[in-house]
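Below is one structure, written out as structure tokens; comments come after it.
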Amino acid sequence: MNLSERDRAVNWHPYTQMKTADDIIPIVRGKGIYLFDDEGKQYIDAVSSWWVTLHGHAHPYIAKRVSEQLHTLEQVIFAGFTHEPAIQLSENLLKILPENQKKIFYSDNGSTAVEVALKMCIQYAYNQKHKKTKVLAFKNAYHGDTFGAMSVSGRSAWTNPFGEMLFEVIFIDVPTAENLDDLKIFIKSISSEIACFIYEPIIQGAAGMLMHRAEDLSELMKFCREQKILMIQDEVFTGFGRTGKLFAADHLSEQPDIMCFSKGLTGGTMPMGITSCSQEIFEAFLSDDQYKTLFHGHSFTANPLACTAALASLELLLNNETLAI
């Protein structure tokens, strides 16, 4: 059997109707912006392998750094332990994120970075004995495929099988000069119930590259701040140069309370998710009461190899040495 036949015999691919799908393309290597199949055919990876490969495939500098780390420490539990790559990555990221971002929470992909953010906001209210459990999100949103991330994403054929199991979300239009006043009136009327507002800044990628103006989003964010609504800025897609600046946040005049990152974070080398937050969010979980702890984690949280890949990728990006596509 060739590679495609062997693959079909054992693998179930994402977003794929396996009965009617064309033959899977077997990729044997990558170099720069190119992928090569088992017959030597060359493909331009124009989708950046789902928006993750910032510097091209098999980048020698990232490979060298990860290889060195592999011979030093490949994995250690991040509950009760720490390591240099995680500390350095957090330090380096906090230097370039909006100034109100003060803490980094590690997870393993974009969906879980969003799950962490939602849990932070809902438990933030719970820890302070506030009954605020509803979430505000944009129509046509996409924030991931786990249950919390699906809940705050636009309802579609993808989510229909789970519709009754998703929690309540209030969906609003993206802001424009024409609808901002109406959005403010509506949000104010329900602000006492809203734990947080989650949004894709400036561009909704999975929805079809739908754009909205930074000025209008900034105005909406300012209003949410006045209403004491926490804001989650999902930069899984937009982060690390996708909007022409390092982060979509760099286009905005307002700062979110929480930010989510993944995809380009490690330059496509390996999975990693990050949720950053303000000091105010962090302090709401500091208590002698152990039940005010954020009970969330994964076996590969802050994996040293992924942290090292992210450090190398960030270094290339800041030095303008990327081959971004």
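Within the range 212-222, the residues that satisfy the criterion of being of a type in the set (A, V, I, L, M, F, W, C) and touching a residue at least 40 places away in the same chain (Cβ under 8 Å) are Leu217, Leu220.
Scanning the range 5-25 for residues that are closer than 23 Å to Gly268 by Cβ and over 28 Å from the mean Cα position of the chain (by Cα) returns a single hit, Asp7.
If I filter the range 162-178 for residues that are farther than 21 Å from Glu254 by Cβ, at pLDDT below 95 and open to solvent by less than 50 Å² (accessible area, probe 1.4 Å), do I get at least one hit? Scanning the range 162-178 turns up at least one residue that is farther than 21 Å from Glu254 by Cβ, at pLDDT below 95 and open to solvent by less than 50 Å² (accessible area, probe 1.4 Å).
Residues are listed down the side, and each one gets a yes or a no for (1) open to solvent by less than 10 Å² (accessible area, probe 1.4 Å); (2) touching a Lys or Arg at 6+ places or on another chain (Cβ under 9 Å):
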{"site": "Met231", "(1), (2)": "yes, yes"}
{"site": "Glu235", "(1), (2)": "yes, yes"}
{"site": "Leu246", "(1), (2)": "no, no"}
{"site": "Gly273", "(1), (2)": "yes, no"}
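The set of residues in the range 207-229 that are open to solvent by less than 70 Å² (accessible area, probe 1.4 Å) and either polar (S, T, N, Q) or under 13 Å from Asp257 (Cα atoms) (or both) comprises Ser218, Met221, Cys224, Gln227, Ile229. Could you please let me know if Leu70 is modelled with pLDDT of 95 or more and exposed (fewer than 15 other Cβ atoms within 10 Å of the Cβ)? Considered against the rule, which asks whether it is modelled with pLDDT of 95 or more and exposed (fewer than 15 other Cβ atoms within 10 Å of the Cβ), Leu70 comes out as yes.
The condition of being crowded, with 18+ Cβ neighbours inside 10 Å and more than 17 Å from Ala86 (Cβ to Cβ) holds for only one of Cys260, Cys277, that being Cys260. Only residues that are outside any loop (DSSP other than H, G, I, E, B) and open to solvent by 50 Å² or more (accessible area, probe 1.4 Å) were counted in the range 31-48, giving 5. Taking the criterion of being without any contact (Cβ under 8 Å) to a residue 12 or more places away in the chain and either surrounded by 12 or more Cβ atoms within 10 Å (Cβ to Cβ) or in contact with a Ser or Thr (Cβ under 8 Å, 6 or more places away or on another chain) (or both), the only residue of the range 7-21 that qualifies is Thr16.
Restricting the first residue to the range 252-270 and requiring it to be without any contact (Cβ under 8 Å) to a residue 40 or more places away in the chain, which pairs with a second residue that is assigned to a helix (DSSP H, G or I) and open to solvent by 40 Å² or more (accessible area, probe 1.4 Å) meet a Cβ separation below 6 Å and a spacing of at least six or different chains? Final answer for the pair search is Glu254/Lys222.
This table checks each residue for (1) within 29 Å of Glu193 (Cβ to Cβ); (2) open to solvent by less than 50 Å² (accessible area, probe 1.4 Å); (3) in contact (Cβ under 8 Å) with a residue 12 or more places away in the chain; (4) charged (D, E, K, R).
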{"site": "Glu91", "(1), (2), (3), (4)": "no, no, no, yes"}
{"site": "Pro98", "(1), (2), (3), (4)": "yes, yes, yes, no"}
{"site": "Tyr106", "(1), (2), (3), (4)": "no, yes, yes, no"}
{"site": "Val116", "(1), (2), (3), (4)": "yes, yes, yes, no"}
{"site": "Asn127", "(1), (2), (3), (4)": "yes, yes, yes, no"}
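When Phe295, Phe285 are checked against the criterion of being outside any strand (DSSP E or B), hydrophobic (A, V, I, L, M, F, W, C) and without any contact (Cβ under 8 Å) to a residue 60 or more places away in the chain, Phe295 stands alone in meeting it. Determine, yes or no, whether Ile24 is open to solvent by less than 60 Å² (accessible area, probe 1.4 Å) and outside any helix (DSSP H, G or I). Yes.
The values are calculated or read from the model by the stated rules, or taken from the named source; none is laboratory data. Not measured: the values here are computed from a predicted model. Heads up, the Cβs are rebuilt from the backbone with ideal geometry, glycines too, and the neighbour counts pull from every protein chain shown. All accessible areas refer to the heavy atoms of the entire protein, side chains included, with ligands and DNA or RNA removed. Shrake-Rupley method; radii C 1.70, N 1.55, O 1.52, S 1.80 Å.
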